[in-house]
Ligand SMILES: Nc1ncnc2c1ncn2[C@@H]1O[C@H](COP(=O)(O)OP(=O)(O)O)[C@@H](O)[C@H]1O
Ligand SMILES: [Mg+2]
């Protein structure tokens, strides 16, 4: 579904240039949930924005469903890292979710159904007529997720969506993502700086090095498909996998 | 409890009317010493005689009509030009110094020029008002559009929100706090220019009438005209505030939520 080939991004400004991504090559199959983990500043947001067609790349290519990306692909949704800022403060929760559907010319009955279902799936039915700024951070995050889900994307990109919410909310939202992924059959690329989160969520974890950014490891997560905060995280295999990733990162740090 | 509520209402009434009453009393005390400062009763009587008459239709309403026409035209021009300039960094770099220059010209000095170009009738007066009102609206719109949140802009791109919907639901709405600030500045400028435009080579209008009273030493009538201008200004600004509260309710709400 996603093919990233020798992707390179250098931010050019008159007095300096920043090599955010040196070279990344990987692909994500249809219906897969892949986590990208890396330290902050390693170019995770840059990678996501390149895939989303929001950023011109300096080299290499991104393909979505076989089509080279030149602008935002039609059936892709993004949950931005700054999710609070990604909601229109002058619209209600319902209007925020509905706007992209109106632009897609989804007929009204279907639109209302999608809005209702998506808000229900994130547990925000009662907040439909509130404005985003009346909600907590975790709730705002769920509005952003509902909007993405209602859009019925083939591919969903998420940029450190839970970095700024408390631990309990975070666990709930992680399970929400897993449930949505299972129900919708959508392809998800999930970016995080948290190794545990990556292992818990992903079928695969791609570990990025710190800048100049390359792929350090592309690891298959052979945990049972049915995940649960308590049992999955206490499996010996869970500990092995996260230990393995920590070790890789540690060794890379020492090698420098 | 009930006394408390009544007490609070009492405090509000005192707050609202206290200072005006004091001012009128002060006026009363100092009035009468000079021919040019008639007492409040005489001015009030002159007010009734002067303005509850055909003058409403001959002078007051035409003045207000020109003000509103100029203001509306300036709004369309200011927002209509401000949006594309705000959206395009290149247009902005080219135009901004020029715009600042034009904004720096005091509009009253344009009156003689506009008289040559547009005559001395209504078009000239409306143009004077436009020439003053358009700058704060334009420059604030440019600033508001320039400062639109880029995460929201990305959101629009990602979810295919474009064209007229993008303009209406994102650009204008997002810039509306700044646009309203510009409109508020423009309103007070507009009232000043309404009066000034009527003081030159005119034969009707509020500004003209006040100058006429002054020349004819109808001092109480002159004062009543000034009072009327103040009341018109107050009414318009209250109306503006009412509209602003509605248009920007999300903005005040979000601000309160952040604080
Ligand atoms: N618009 C930009 N201009 C210049 N440099 C940038 C820009 N955006 C990001 N960078 C730089 O690129 C690197 C990667 O940033 P980013 O993709 O945001 O990392 P992450 O999301 O992993 O924290 C950082 O060194 C950052 O300073
Ligand atoms: Mg980031």
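The values are calculated or read from the model by the stated rules, or taken from the named source; none is laboratory data. None of the values given here were measured: they were computed from a predicted structure. As a convention, Cβ positions derive from the backbone with ideal geometry for all residues, glycine included, and neighbour counts pool all protein chains shown.
Values computed for the structure shown
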| read-out | value |
| --- | --- |
| Residues of the range A:50-78 classified as crowded, with 16+ Cβ neighbours inside 10 Å, more than 8 Å from chain B (Cβ to nearest Cβ) and within 14 Å of ligand 1 (Cβ to nearest atom), total | 5 |
| Selection within the range A:14-49 - more than 18 Å from residue A:163 (Cβ to Cβ), within 16 Å of ligand 2 (Cβ to nearest atom) and buried (at least 22 other Cβ atoms within 10 Å of the Cβ) | A:20, A:21, A:24 |
| Sole exception among (1) away from ligand 1 (no atom under 14 Å from the Cβ); (2) touching a residue at least 40 places away in the same chain (Cβ under 8 Å); (3) part of a strand (DSSP E or B) for residue A:35, by number | (1) |
| Flag if residue B:103 is within 14 Å of chain A (Cβ to nearest Cβ) and surrounded by fewer than 20 Cβ atoms within 10 Å (Cβ to Cβ) | no |
| Those residues of the range B:146-180 which are surrounded by fewer than 20 Cβ atoms within 10 Å (Cβ to Cβ), in contact (Cβ under 8 Å) with a residue 12 or more places away in the chain and facing another protein chain (nearest Cβ under 7 Å), in sequence order | B:149 |
| Test: residue in the range A:79-88 that is over 16 Å from the mean Cα position of the chain (by Cα), within 12 Å of chain B (Cβ to nearest Cβ) and at pLDDT 95 or above | yes |
| Residue that is farthest from residue A:225 (Cα to Cα), among those in the range A:178-194 that are surrounded by fewer than 21 Cβ atoms within 10 Å (Cβ to Cβ) and more than 16 Å from ligand 2 (Cβ to nearest atom) | A:184 |
| Considering residues of the range A:122-174 that are within 16 Å of ligand 1 (Cβ to nearest atom) and in a strand (DSSP E or B) only, the residue farthest from the other protein chains (Cβ to nearest Cβ) | A:158 |
| Residue in the range A:38-56 that is modelled with pLDDT under 95, in a strand (DSSP E or B) and in contact with a strand residue (DSSP E or B) (Cβ under 8 Å, 6 or more places away or on another chain) present | no |
| Among (1) assigned to a helix (DSSP H, G or I); (2) within 14 Å of chain A (Cβ to nearest Cβ), the one test that residue B:126 misses | (2) |
| Count - residues of the range A:212-252 that are in a helix (DSSP H, G or I) and either touching a residue at least 24 places away in the same chain (Cβ under 8 Å) or within 20 Å of residue A:34 (Cα to Cα) (or both) | 16 |
| Matching residues, the range A:196-206, being within 16 Å of ligand 2 (Cβ to nearest atom) and surrounded by fewer than 24 Cβ atoms within 10 Å (Cβ to Cβ) | A:197, A:206 |
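So that you can scan it fast, the table gives a plain yes or no per residue for (1) surrounded by fewer than 16 Cβ atoms within 10 Å (Cβ to Cβ); (2) under 30 Å from residue B:183 (Cα atoms):
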{"residue": "B:8", "(1), (2)": "yes, no"}
{"residue": "B:19", "(1), (2)": "yes, yes"}
{"residue": "B:22", "(1), (2)": "yes, no"}
{"residue": "B:35", "(1), (2)": "yes, no"}
{"residue": "B:56", "(1), (2)": "yes, yes"}
{"residue": "B:62", "(1), (2)": "no, yes"}
